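Beneath this line is the structure, given in structure tokens, with notes to follow.
The values are calculated or read from the model by the stated rules, or taken from the named source; none is laboratory data. The shown structure was predicted, so the numbers you read here are calculated from the model rather than taken from an experiment. Cβ coordinates were reconstructed from backbone atoms using ideal geometry, including for glycine residues, and neighbour counts include every protein chain displayed.
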């Protein structure tokens with residue numbers, strides 16, 4: 001039996017990027033704001049200090065910063081003919097946990113989506129015909145929001161993070177040295193690009209030779225000391241090569257901790273409770289209003305926390321599961337295509353090309369999460385897809401994120417073709433090539449498809465007895481054709497880099513939960529223009545329960561070929577602005593159905 | 001309702017923190033649990049409850065250092081029979097040769113032993129609840145064994161299979177070429193083991209061997225940083241700012257680990 005607590009005005013569920021941004025933005029209203037985070041408090045001095053931070057085993061392989069699947073996992077399968085089984089060990093994606101969420105262990109790759117990405121259905125249908133967006137059972141949709149509407153909010157996030165980069169399009173004027181394909185920016189990046197390690201400069205030269213347009217990858221790693229508009233101070237990156245999967249001990253990576261907390265935790269009307277796991281959102285008798293959440297604390301006691309408005313800011317898989325467990329919105333049915341909750345789950349498709357030199361020492365251990373050069377010539381609709389049999393695209397990058405040897409040799413297998421997996425020849429190959437290897441990565445879109453979705457598992461339950469989330473997902477021919485095309489273009493660049501040899505690793509077959517690929521899960525609580533085809537409106541507000549907002553990449557109707565965090569943040573800032581300027585004055589639907 | 005009122009009043013205090021379970025005590029307590037308690041121990045570690053307002057909390061003395069697994073002699077987990085497989089097998093995988101020390105000299109078996117004796121061995125980050133039907137390759141790790149249980153079950157099964165193939169002999173007594181044949185059969189799943197999947201074991205074993213060769217020396221492997229020296233990885237270094245732009249120059253400094261390096265230790 002849950003004990004009822006006094007009501008708060010705004011309740012945030014989960015405490016990573018989106019909830020921290022919301023809390024910061026809404027604090028000025030003076031309303032009482034409470035965030036519930038199921039896992040632990042985490043800060044730089046105690047949890048991620050530079051004296052013990054560069055520890056590959058503990059943080060990545062023993063998953064020190066990630067969601068512990070012994071406590072909470074989901075079930076996985078490729079299609080409805082298979083039986084979903086639990087993800088017994090993290091692999092393909094690395095879910096965050098604790099204060100700061102996955103924002104603690106990300107690489108800091110800060111991208112804006114293309115203007116045409118937000119019009120995936122109408123734009124492609126117009127250019128390539130209506131079947132281009134329905135072939136392979138695709139269920140592609142427009143977002144209901146435009147790049148132009150999001151641009152000021154992207155800009156806010158860049159300033160929060162001190163993003164390092166070079167604009168390619170300033171107010172419509174193409175700029176040398178930047179990404180010529182990007183949507184127009186109102187402002188230059190707040191910080192200059194990171195200085196380049198050797199391998200990305202070789203990549204950039206080769207990419208230019210074959211006619212592409214390389215530019216520095218936009219980075220949430222500090223190219224210089226930076227003070228953001230909230231007064232938070234970040235230090236210059238030291239290129240230690242422990243970003244993604246690790247926390248930064250140096251205040252050099254933009255995270256909720258480094259960019260928001262110094263300001264946010266001075267707000268007297270903001271409270272965070274950790275060890276508080278939300279089990280359910282409780283509705284009123286009409287099912288039209290969220291009145292409270294039920295949560296369990298560290299001692300296992302149940303509490304009911306009433307709130308005026310509830311904002312879900314957990315990871316997308318948890319947000320979608322909470323909607324399903326709470327009976328909010330109509331669950332998606334892949335047979336009939338009806339229902340929306342869980343619809344259009346998507347992911348990303350990656351591949352790589354390794355290059356090996358004899359005469360060049362690349363020192364791969366010098367790196368940062370977003371340090372490198374990239375070409376965007378084959379992302380989104382930046383190229384003519386006529387006759388190619390797919391829509392969408394991705395970027396091709398050479399990033400020197402790390403030279404961590406366990407990851408190189410137990411995870412990525414960065415060794416030349418025909419190298420055995422163990423034994424003297426393996427040892428010799430590793431010794432010979434480590435300092436002279438680099439990896440070109442492709443990072444591709446996944447469109448939405450009728451058969452890819454999230455629902456509740458019929459068999460497996462969590463420690464509270466609730467059904468686990470079930471993920472049904474596979475790549476279709478659209479993804480494989482697109483990814484093969486990207487891998488071929490990356491191979492063209494790799495050849496032009498004139499290494500001794502190279503090895504391409506195209507992504508073949510069905511999606512597999514091993515090995516690690518990317519933590520860019522999207523969809524399931526998609527946004528759109530009408531309640532018939534979306535869970536939330538473009539202000540992330542539930543169509544069914546207007547005092548409930550659902551943040552995060554769950555809102556993406558399909559997944560473009562970029563890293564999602566900046567778009568997640570921009571959507572959050574836009575929702576926060578609407579909540580402040582409209583919703584709080586007249587609580588109710590911000591968009592009429 | 002008394003609790004709620006009490007909680008609301010306490011919330012008015014400037015700052016209130018209460019740690020329900022001290023993490024180190026919890027982990028030490030978890031060490032006493034058998035594998036049956038592993039899932040619960042892993043879950044409980046997540047749930048320290050704290051209320052934070054009017055300033056971030058400061059936790060003096062709580063810097064979360066890793067445990068030092070070096071120093072003690074002997075095995076804590078492996079039996080003699082298990083070590084008789086793990087030592088020669090890991091040495092075939094990373095042999096001592098002209099390029100430098102191999103797995104045994106690097107302490108790989110000791111590393112794996114310490115890992116299996118600790119939270120990893122208990123499956124503290126594995127979900128092991130049932131049912132346990134056979135999974136597809138795309139569904140990854142699908143056994144109910146913890147890593148420690150998997151080693152404990154697989155090694156005798158491997159030895160039985162080896163005995164069947166090589167007229168009753170044990171893995172350790174085989175010549176190098178025959179040992180390689182056994183490892184190749186495990187890797188490809190051709191060795192049909194009783195009650196345990198050869199591929200599941202192999203996947204974990206090769207990962208642990210590579211970890212033991214390249215992870216920070218504080219965990220008992222990569223002794224004297226031989227893995228890092230082999231490839232030229234400078235280890236847990238902090239600041240490469242001067243080196244970002246020095247293209248194709250060899251980085252001159254020797255590796256360091258979290259504990260420094262042996263040259264800094266007292267003799």
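Take residue A:406 and tell me if it is within 13 Å of another protein chain (Cβ to nearest Cβ) and either farther than 20 Å from residue A:110 by Cα or crowded, with 24+ Cβ neighbours inside 10 Å (or both).
In short, yes.
Pick from A:470, A:507: which is within 14 Å of chain B (Cβ to nearest Cβ) and in a loop (DSSP other than H, G, I, E, B)?
Within the list A:470, A:507, the selection yields A:507.
When you check residue B:65 against the structure, is it at pLDDT 95 or above, in a loop (DSSP other than H, G, I, E, B) and closer than 18 Å to residue B:217 by Cα, yes or no?
On the way: at pLDDT 95 or above: no; in a loop (DSSP other than H, G, I, E, B): yes; closer than 18 Å to residue B:217 by Cα: yes.
Taking the combined requirement at face value, the residue does not satisfy it.
For residues in region A:34-44 being surrounded by fewer than 23 Cβ atoms within 10 Å (Cβ to Cβ) and facing another protein chain (nearest Cβ under 7 Å), which is farthest from residue A:294 (Cα to Cα)?
Here the residue is A:43.
Right, residue A:262: within 14 Å of chain B (Cβ to nearest Cβ), without any contact (Cβ under 8 Å) to a residue 24 or more places away in the chain and in contact with a strand residue (DSSP E or B) (Cβ under 9 Å, 6 or more places away or on another chain) or not?
Criteria not met by residue A:262.
Name the residue, out of A:444, A:465, A:423, A:392, that is within 30 Å of residue A:336 (Cβ to Cβ) and without any contact (Cβ under 8 Å) to a residue 60 or more places away in the chain.
A:465
Return the residues of region B:98-136 that are assigned to a helix (DSSP H, G or I) and either surrounded by 21 or more Cβ atoms within 10 Å (Cβ to Cβ) or within 7 Å of another protein chain (Cβ to nearest Cβ) (or both); say none if nothing qualifies.
B:103, B:106, B:108, B:109, B:110, B:111, B:112, B:113, B:114, B:115, B:116
I'm checking my understanding of the structure. Among residues of region A:414-436 that are facing another protein chain (nearest Cβ under 7 Å) and not in a helix (DSSP H, G or I), which one is nearest to residue B:98 (Cα to Cα)? Full working, then the answer.
Of region A:414-436, the ones facing another protein chain (nearest Cβ under 7 Å) are A:421-424, A:427-428, A:430-431, A:434-435.
Next, from what is left, pick out any that are not in a helix (DSSP H, G or I): A:421-423.
Details: A:421: 19, A:422: 16, A:423: 13 Å.
Ranking the candidates gives A:423 first.
Among the residues of region A:351-397, which ones are crowded, with 24+ Cβ neighbours inside 10 Å, within 14 Å of chain B (Cβ to nearest Cβ) and part of a strand (DSSP E or B)?
A:367, A:372, A:373
Quick check on residue A:327: is it away from chain B (no Cβ under 14 Å), touching a strand residue (DSSP E or B) at 6+ places or on another chain (Cβ under 9 Å) and without any contact (Cβ under 8 Å) to a residue 60 or more places away in the chain?
Answer is yes for this residue.
Name every residue in region A:206-226 that is touching a residue at least 60 places away in the same chain (Cβ under 8 Å) and outside any loop (DSSP other than H, G, I, E, B), in order of residue number.
A:206, A:207, A:209, A:215, A:216, A:219, A:221, A:226 - these are the residues of region A:206-226 that are touching a residue at least 60 places away in the same chain (Cβ under 8 Å) and outside any loop (DSSP other than H, G, I, E, B).
What number of residues within region B:232-267 satisfy the criterion of being within 8 Å of another protein chain (Cβ to nearest Cβ) and within 26 Å of the chain's Cα centre (by Cα)?
8
Does residue A:119 meet the test of being closer than 14 Å to residue A:468 by Cα and more than 8 Å from chain B (Cβ to nearest Cβ)?
Criteria not met by residue A:119.
Report yes if some residue within region B:35-46 is over 28 Å from the mean Cα position of the chain (by Cα) and modelled with pLDDT under 50; otherwise report no. Break it down stepwise before answering.
Residues of region B:35-46 over 28 Å from the mean Cα position of the chain (by Cα): none.
Within region B:35-46, not a single residue is over 28 Å from the mean Cα position of the chain (by Cα) and modelled with pLDDT under 50.
Residues in region B:79-96: is at least one more than 30 Å from residue A:46 (Cβ to Cβ), more than 21 Å from the chain's Cα centre (by Cα) and part of a loop (DSSP other than H, G, I, E, B)?
The answer is yes; a qualifying residue exists.
In region B:216-231, what residues are at the interface with another protein chain (Cβ under 7 Å from one of its Cβ atoms) and part of a loop (DSSP other than H, G, I, E, B)?
B:216
Which one of these does residue A:166 not meet: (1) surrounded by fewer than 23 Cβ atoms within 10 Å (Cβ to Cβ); (2) part of a loop (DSSP other than H, G, I, E, B); (3) within 14 Å of chain B (Cβ to nearest Cβ)?
Of everything listed in (1) surrounded by fewer than 23 Cβ atoms within 10 Å (Cβ to Cβ); (2) part of a loop (DSSP other than H, G, I, E, B); (3) within 14 Å of chain B (Cβ to nearest Cβ), residue A:166 misses just condition (3).
Can you give me the number of residues within region A:446-467 that are part of a strand (DSSP E or B) and crowded, with 23+ Cβ neighbours inside 10 Å?
Residues meeting the conditions: 5.
When you look at residue B:195, is it modelled with pLDDT of 95 or more and in contact with a helix residue (DSSP H, G or I) (Cβ under 7 Å, 6 or more places away or on another chain), yes or no?
So residue B:195 does not fit the description; no.
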